[in-house]
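Working notes, structure below.
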Amino acid sequence: MTRMQFGIVIALAGCTTMQSSRVLDPGKTQLGVGVTRITLNEDDEPIYAGEVRVARGVSDTFELGAHLVRTPGMGEAFSSLGIDPKFQVSRSATSAVSVAIPFSVAWTDEGFHDLATGTIQLFPTLYAGVDLSKNVELVFSPRAGIAKLSKEGSDPIYGIGAAIGLHIGDAATSSALHPEFSILNIGSVEDSGDSETFVMIGIGVTAGD
């Protein structure tokens, strides 16, 4: 596992956790916190990342959010800060589809010097949701994108994955519980054989007006 790939995974932890397939109504604000468990294989120790996210409905078809993701500790801890514009593609009484284009910057406090200058990432994500009941929505969110270490001469990294989760709560108040399972394959654009697959299990809680 390369340091750059690991940084991307941490950044991606904030891309789907705590989100519905429906954008927030205009003027509504939502605050969320969550934690994600990240593993590469059964022999490795899991890594945990915490997330804080805030979002606000701008129009009937547009929501703007921002998130901060961080691993525990100091020194070699990873952090990611990003914005999450989200567009409603379709919406009915029982289902919805939206597209988000999260843009993030990830970095370490110190220690991993090849990440000291940060990574920049763009990972479009599709959210397809269907209501299982009045207060439970099943959300499927495939995603794909690219990341680049900001220092000169570094190879770009691709990421392809998907997540499935539940949005459990009162849609009228934007408050919900969000359990989620996701898989992400990342590797070098220059070397298609150099890739690794990560498994992530997350849970988030949101509250809003």
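Inside segment 31-88, residues that are within 15 Å of Val105 (Cα to Cα), part of a loop (DSSP other than H, G, I, E, B) and touching a helix residue (DSSP H, G or I) at 6+ places or on another chain (Cβ under 9 Å) make up a count of 1. Filter segment 60-79 for residues that are over 21 Å from Val139 (Cβ atoms), touching a residue at least 12 places away in the same chain (Cβ under 8 Å) and not aromatic (Phe, Trp, Tyr) and give the result. Listed by number, the residues that qualify are Leu68, Arg70, Thr71, Pro72, Met74, Gly75, Glu76, Ala77, Ser79. Scoring Ser21 on the criteria (1) in a loop (DSSP other than H, G, I, E, B); (2) in contact with a Ser or Thr (Cβ under 9 Å, 6 or more places away or on another chain); (3) at pLDDT below 90; (4) more than 15 Å from Ile203 (Cα to Cα) leaves a single failure, condition (3).
The values are calculated or read from the model by the stated rules, or taken from the named source; none is laboratory data. All values derive from a computational prediction rather than experimental measurement. Glycine also receives a Cβ, built like all others from the backbone with ideal geometry; neighbour counts cover every protein chain displayed.
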